[in-house]
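Read the structure below first, then the notes.
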Amino acid sequence: MAFDPLNLLLLAVALIVFWRLKSVLGARTGNERPPVDPMGPARKDEPPVLKPEPEGKVLRFPQSDEAHQKPPAADEEPVPPVWTGYAEAGTELAAGLDRLAAADRGFTPKSFIEGAKIAYEMVIDAFARGDRDALKNLLSRDVLEGFSRAIDDREQAGNRV
């Protein structure tokens with residue numbers, strides 16, 4: 001029964017299909033473009049900027065619609081500085097916000113403040129529950145140690161939030 005004509009026909013069709021797929025998929029023609037690194041340097045002569053790896057889980061916060069707006073055309077009014085409404089001109093805060101906006105085109109103080117509020121609520125909630133695992137992903141090591149000591153003290157005293 002193993003050499004049934006129908007089985008041999010199906011085997012032949014399967015082999016032809018696999019052979020055609022192998023010849024098409026993964027075949028290099030020499031006309032491929034090199035892979036583009038979207039986070040790489042803007043120019044080829046510019047050295048790449050190495051970013052430190054995050055220690056824990058990276059949390060994504062909602063972005064505002066302002067971060068996805070396209071730049072104005074030449075005949076439109078210029079966009080006010082990113083710090084308008086959040087800092088006074090010439091202050092260190094305004095300069096810092098300008099540097100952040102230059103490094104990340106999607107940065108807006110509004111989205112940063114919204115994300116900070118969400119992170120703050122997550123930290124307070126995790127602390128109230130005594131959830132060290134959640135705090136571990138949200139806090140640096142030295143801050144986490146302080147929170148852990150406070151949770152331990154609270155548990156030893158028999159207090160609950």
Within region 78-99, tally of residues that are under 30 Å from residue 135 (Cβ atoms) and surrounded by 15 or more Cβ atoms within 10 Å (Cβ to Cβ): 2
Which of the helices (runs of 4 or more DSSP H) contained wholly in region 80-143 include at least 3 residues that are within 30 Å of residue 154 (Cα to Cα)? 109-129, 132-138
Scanning region 1-30 for residues that are at pLDDT below 80 and assigned to a helix (DSSP H, G or I), which turns out least open to solvent (accessible area, probe 1.4 Å)? 23
Identify, by number, the condition in (1) in a helix (DSSP H, G or I); (2) open to solvent by 80 Å² or more (accessible area, probe 1.4 Å) that residue 161 doesn't meet. (1)
Quick one: what pairs do we get from region 110-128, first residue in contact (Cβ under 8 Å) with a residue 24 or more places away in the chain, second open to solvent by 70 Å² or more (accessible area, probe 1.4 Å) and not in a helix (DSSP H, G or I), C-beta under 7 Å, 6+ apart or different chains? 111/63; 114/62; 128/161
Starting from residues that are more than 21 Å from residue 116 (Cβ to Cβ) and not acidic (Asp, Glu), keep the ones in region 127-149 and report whichever is surrounded by the fewest Cβ atoms within 10 Å (Cβ to Cβ). 149
What number of residues within region 147-161 satisfy the criterion of being touching a helix residue (DSSP H, G or I) at 6+ places or on another chain (Cβ under 9 Å) and over 15 Å from residue 131 (Cβ atoms)? 1
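The values are calculated or read from the model by the stated rules, or taken from the named source; none is laboratory data. Remember, it's a predicted structure, so these values are computed and weren't measured experimentally. No Cβ is skipped: glycine too gets one built from the backbone with ideal geometry, and neighbour counts run over all protein chains shown. The area values use the complete protein model at the heavy-atom level, side chains included, leaving out ligands, DNA and RNA. Shrake-Rupley method; radii C 1.70, N 1.55, O 1.52, S 1.80 Å.
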